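A short worksheet on the structure shown next.
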Amino acid sequence: MTAEISSHPERGYLENTGKRKGLMAWLTTTDHKRIGLMYLYAMMVFFLVGVVLGELMRLELFNPGQQFYGPQAYNGIFTIHGIIMIFTVVIPGLAVVYGNFVMPILIGAKDVAFPKLNLLSFYLYILGAAIAVSSQFMGSGPPDTGWTFYAPYSIQSQTNVVAAVFGAFVLGFSSILTGLNFIVTIHRLRAPGMTFFKMPLFPWSIYATAWVQVLATPIVGITLLMIIAERWFKIGFFDPSLGGDPILYQHLFWIYSHPAVYIMILPAMGVVTEIIPTFCQRRVFGYKAIAMSSLAIAGVGYFVWAHHMFTSGMSVTAQWVFSLLTFLVAVPSAIKVFNWVTTMYKGAIDIKPPFLFTLGFIFLFMIGGLTGLVQGALATNIHVHDTSFVVAHFHYIIFGGVGFAFFAGLHYWYPKMFGRMYNDTLAYVAFGFLFIGFNLLYFPQFIIGMMGMPRRYFDYLPQFTLGHQLSTIGGGILFIGLIVMLVNLFSRKGAKAASNPWGGRTFEWTIPSPPPVENFDIMPEMGKDDEPYDYE
Amino acid sequence: MLSETTHVTPYRTYMVVLITLLVLTSLTITVTWIDLSAFTVLSALLIASFKAGIVMKYFMHLKFESSLFKILVIMVLSIYILVIILLFFDYLFR
Amino acid sequence: MIMSRDMEHRDDIGSRLGMWVFIFTELLLFGGLFLVYAVMRSKYSFEFHQAALHLNTFIGALNTVVLLISSATVAISITAVQKGNNKLAVRFLLITLICAGIFLINKYFEWGHKIRIGLYPGSDLMLTLNHGSVMFFSLYFFMTGLHMLHLIIGAVLLTVVTIKVQRLSINRDSYVLLENGGLYWHLVDLIWIFLFPLLYLIT
C-alpha cells in the first residue's frame, strides 16, 4: 500500500490555485480539505462560546443563592449552552472535520462524491447556527426551555423558541446532506482493490455515523416543525387540552437525540482506532469486530431512546423493554475498548500527544459509559434522573469522550493539515491541565447528584456547596488547559512536518504535508495481499 | 462511465403497472366500505404497501438496480417498523 | 508500485444512490408524522372515523389517480429519452406537470372549503370539537400540507428537467438528472399512496 511522493508547492491545498483569490477562494471552495478546515475554525469559535457559557454557569453556582445573575438568565444560559454545544459542536463534531478532511484520503479518493453539496452543507451549518444564536438577541428573550425543548413548556414559553428550533432544523438539514455525501463517497470512491473489509476503521466509523445522520435526523426535523406548528397554529399534538400527549414529544425528540449521541461518539471511536495502531506500531486487534461493532452501535442505538423517559409516565412494559435494549447497546462499545487495549499489548508504545489524549479518552469514556449503566437500570435511574449525576455522565462521554478524541485527532492530523509540527511540551502541559481540570469539574457532580442535587437548578441547598466549589475550580483549570492547547496549535511556529511524522501506514501518510489539492499524484490501489494496518 | 441503467423498460410495462395500480386503488376503496374493524385498516395498508412496492420496483427501477439498493430499502423500512413497534410498547400498555 | 488511471468524474450509479438516500430521509420525515397518526388513531379510533366523514373521498380518489398517472408518465419519459425520442419525453413530462397542477387545484378547493367553514387548526370552531377530531384535522392539514410542499418542489425539479430534455442537454447518453427527478416525483406519489387510505378511507 504505497503511493509515489513527488515534489509540490510547499503549501499544497493551502495555496490558492484556480480562479479566485484570498477569502473568496475559501468561501467558494469545493475541496473537502478546505471545507473541513472551515468547519474546524467555525466549530472552535462555537465551542469557545459554549465554554464561556459553561463557565458563566459555574461562576453562578460557586455559592448558593444569587451571585451575578438571576434564575431566568440562568435558564437562558444553560439552554443556549446546550444548543450550541450539541447542535453546532459535537453533532457535526469529528464527522465534519475529520470525516471531510481525512476520510476521502484514507479511502484513496480525490474528494467526496458530491463536492458542491459538501459546500452547501457547510453554508447550511453556518446559517443554522446563526439562526439559533439569533434567538438570544431577538424580541422576546433567549429561550429558557433547555436544549431539549420539552412540551408543554416549549409551546407555552414566551421566549424565542421558534428561532432556536428553526436553527436546529437547518443544522439538521446540513447534517443529513453530509451523511448522504459520505455514504455515497464510501460506496463509490474507494480505491481499486479496497473492499469494505480492507478499508481503514475511521471510514468505517464515518459510514456507520452517516447512516445515523441520514435516518434519525429527519425525525427530529419534523418534530421541531411540529413545535413551531403548535406555537403558531395550535395543532395540539403535544397539548392534552386539545387531545395531544406531551410524552409523544419526548418519544419523537429522543428517537433522534439518542442516535445523535452515536453520531457524536462513532467518529471519535474511529479516530482513536486510527491513532492506537500508529503509536503502538501494531495492527489493530480484531479489525472485523471493530468494523461490525460500529454498525451494531449505530443499529442497536436506534432502539434505546426511551431510556431518557423512564420517569415520564410511559408504560412499565416500555420501561423494561428499553432498559434491556440499553444494556445490549453497551456490549459493542465494550468490544471496542477491549480491542483497543489488546492492540496496545506488547506494542512499541510511544506516548506522543495524540496517544496521550487517546489514553485520556479511553479512561474518561469508560467512566462515562459505566455511569450510563447506572442510568440504564430502572431502579437506580429513578434516583439519579434529572440530577447532576446525569450531567456528569454525559459530560464524561461527550466532553471526555468525543472532546478528548477530537483533541487527539487534532494533534494527530495537525502536521498533515498545516504542514507544521506543534510543541510537544506545551501539548503535554495542556493535557495535564485539561485532564485534571476535567475530572475536578465533573466528578464532584456525580457525588452531589447522588446526594440529590437537581440539574438545571440555579440555586441549591447548602450541603452541595463544597461539590459545586470544587467543580467550579476544576472548570477554571480546564479553561487554562484549553488556552494552552489553542496557543500551541495556533502558533504555527513549529518545524515543518514530514509526510509521515508518526510512522503511520494509512494513505494519508504517503502524501505530502500539507496535501496537494487532489490529494494523490497517482491514485493509490490496494493489492490482494495489502491490509489497512500492515505493521510488522 | 456511461449511465449504467442500460436496461430500457418497455412502454407496455409501465402501462400494465399503471392499470394494476388503478385497479388496486379501486380495490382499496371497496374494501374500506366493508367494516372489518382492525382488519379494514390492515388490508388498506397491505394494499397500499403492495402498490408502493410495484411503484418502487418498476417506476423507480429498483428491480434493475444492483442488490445494494434493494437491501438499503429493506433496511430502512425495517428500522422504521421496529421504531413503531417499540413506540407502541408504551402506548398499548399504559 | 501500481499505476492507475484517473477516475472519470461522472458516476451515474453514485448519483442515483445519492437520490435514493435522500428519498430515505424524506420517507422518515413523513414517517415522524405517520408515527403521530398511528398514536392518535389508536387513541381516538371512533372520532377519527367520524371526522374523516368531512373529507371528500371523491376528490381524494381523483388525486390518487392523477398522481399515479403522473408517475407512469414520468417513467415513460425516461424510456423515451433512452430511445432517443426527446420530443415524446417532453410530451409525457408535460402531462406529468399537468397532473401536478390538477392535484394542486383539487387541494386548493378542498382546503379552501374547510377554511371557509372554519375547520382548520386553531380556529374557534376547532377549539369546540372533541379531542379526536382536533387531532384528525391537525394531522390532515399538516400531512397534506407537507405533502403539497414536496409536490411543488417535485414539480419545480421536473420543470427544470423538462427544459433540459427539450434542449437536448438531457439525452440518451446522459439522463441521470431525469432519473433522479423521476425518483423524487415517485416519492411524492408513494407518500400519497399511504395518505389517501389513512385519511380518506377510514369512514
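Every number in this text was worked out from the coordinates using simple rules, so none of it is lab data. Computed from a predicted model, the values in this text were never measured in an experiment. Please note: Cβ atoms are built from the backbone with ideal geometry, for glycine as well, and neighbour counts cover all protein chains shown.
By the beta-carbon count within 10 Å of each Cβ, the least crowded to most crowded order of C:124, B:90, fewest first, is C:124, B:90. Calculated [222 nm] ellipticity per residue, helices only, for chain A: -20500 deg cm²/dmol; basis is -39500 (n - 2.57) per DSSP H run with n ≥ 4, divided by all residues, nearest 500. In order along the stretch A:109-119, the Karplus-derived 3J(HN,Hα) couplings, from 6.51 cos²θ - 1.76 cosθ + 1.60 at θ = phi - 60°, round to 9, 7, 6, 7, 5, 10, x, 5, 4, 4, 5 Hz, and Gly and Pro are given as x. Computed from label points 7 Å out along Cα-Cβ, the spacing between residue A:153 and residue C:159 is 4.5 nm.
Within chain B, which DSSP H helices have Cα atoms that stretch 15 Å or more along the helix axis and a mean Kyte-Doolittle hydropathy of at least 1.6?
Helices passing the filter in chain B: B:38-54, B:67-91.
Per residue of peptide B:11-21, the mean number of Cβ atoms on other chains within 10 Å of the residue Cβ is 4. Hey, with R₀ at 30 Å, roughly what FRET efficiency would residue A:386 and residue C:42 work out to, going by the Cβ-Cβ distance, to 0.05? The calculated FRET efficiency here is 0.55.
Principal-axis analysis of the Cα atoms of chain A puts helix A:404-418 at an angle of about 30° to the longest axis. Taking 7 Å steps out from each Cα toward its Cβ at residue A:55 and residue A:24 produces label points 3.9 nm apart. Across the stretch A:361-378, computed HN-Hα scalar couplings (Karplus, 6.51 cos²θ - 1.76 cosθ + 1.60, θ = phi - 60°) run 4, 4, 4, 5, 5, 4, 4, x, x, 5, 6, x, 5, 4, 7, x, 7, 4 Hz from first to last residue, x flagging Gly and Pro. When peptides A:171-179, A:288-296 are sorted by average Cβ neighbour count within 10 Å, with the highest value leading, the order is A:171-179, A:288-296.
Projecting the Cα positions of A:216, A:462, C:63 onto the charge dipole of the protein assembly as shown (unit charges on Cβ atoms of Lys, Arg, Asp and Glu, taken about the Cα centre) puts C:63 furthest along the positive direction.
For residue B:15 and residue C:49, FRET efficiency with R0 = 41 Å and r from the beta-carbon atoms, rounded to 0.05? Could the numbers behind the result be given before it?
Numbers: r = 36 Å, r/R0 = 0.89.
It comes to 0.65.
Students often forget the sequence filter, so: which aspartates and glutamates lie under 16 Å Cα-Cα from residue A:21 once same-chain residues fewer than 8 apart are removed? Of all the aspartates and glutamates, those that pass the test against residue A:21 - Cα under 16 Å, at least 8 places apart if same chain - are A:31. Around the amide H of residue A:387, modelled in the peptide plane, lie the amide H atoms of A:455, all under 5 Å away and 5 or more residues distant in sequence or on another chain. For residue B:34 and residue A:425, the FRET efficiency from 1/(1 + (r/R0)^6), where r spans their Cβ atoms and R0 equals 56 Å, is about 0.10. One Cα centroid belongs to the stretch C:54-99, the other to the stretch A:139-167; the line between them spans 43 Å. Highest-first packing order for the peptide set A:126-136, A:302-312, A:219-229, C:160-170 is A:219-229, A:302-312, A:126-136, C:160-170, based on the mean count of other beta carbon atoms within 10 Å.
Counting partner chain Cβ atoms within 10 Å of every residue's Cβ in A:203-216, what's the average?
Working: counts 0, 0, 0, 0, 0, 0, 0, 1, 6, 0, 1, 6, 11, 4.
Mean inter-chain Cβ contacts per residue within 10 Å come to 2.
Using the Karplus relation 6.51 cos²θ - 1.76 cosθ + 1.60 with θ = phi - 60°, the per-residue 3J(HN,Hα) values for the stretch C:172-189 come to 5, 9, 7, 9, 5, 4, 5, 4, 5, x, x, 4, 4, 5, 5, 4, 4, 5 Hz, with x marking Gly and Pro.
Straight-line cross-link reach from residue C:114 at under 21 Å between alpha-carbon atoms covers these lysines, not counting any fewer than eight positions away in the same chain: A:234. Spatial offset of the stretch A:432-448 relative to the stretch A:8-86 amounts to 23 Å, using the alpha carbon center of each.
Distance cut-off 26 Å, Cα to Cα: go down the list A:352/A:416; B:51/C:87; A:116/A:493; A:288/B:57 and report the pairs above it. Write out the running numbers ahead of the final one.
Details: A:352/A:416 16 Å; B:51/C:87 30 Å; A:116/A:493 33 Å; A:288/B:57 33 Å.
In this structure, B:51/C:87; A:116/A:493; A:288/B:57 lie more than 26 Å apart at Cα.
Roughly how tilted is helix A:287-300, in degrees to the nearest 10 and between 0 and 90, from the longest Cα axis of chain A? Between helix and principal axis, roughly 30 degrees.
Once you sort the root eigenvalues of the Cα gyration tensor of chain B as a ≥ b ≥ c, which label holds: rounded (a/c under 1.5), prolate (a/b larger than b/c) or oblate (the other case)? Don't jump to the answer; show the numbers that get you there.
Values: a/c = 6.01, a/b = 1.38, b/c = 4.34.
Oblate shape, in that a/c is at least 1.5 and b/c is the bigger or equal ratio.
With each label modelled as a point 7 angstrom along the Cα→C-beta vector, the residue A:456-residue A:373 pair spans 2.9 nm.
A dipole drawn for chain A from +1 and -1 charges on Cβ atoms has a positive end, and of A:66, A:415, A:383 the residue lying farthest that way is A:415. Placing +1 on the Cβ of every Lys and Arg and -1 on the Cβ of every Asp and Glu, with no other charges, gives the stretch C:18-200 a dipole of roughly 440 debye about its Cα centre. In terms of its C-alpha gyration tensor, the protein assembly as shown comes out oblate, because a/c is 1.5 or above while a/b does not outweigh b/c.
Taking the Cα centre of the protein assembly as shown as origin, sum charge times position over the Cβ atoms of Lys and Arg (+1) and Asp and Glu (-1), and report the length of that vector in debye to the nearest 20.
Details: 49 positive and 40 negative charges, 243 e Å.
Roughly 1160 debye, rounded to the nearest 20.
Distance from the alpha carbon centroid of the stretch B:18-94 to that of the stretch A:203-238 works out to 22 angstrom.
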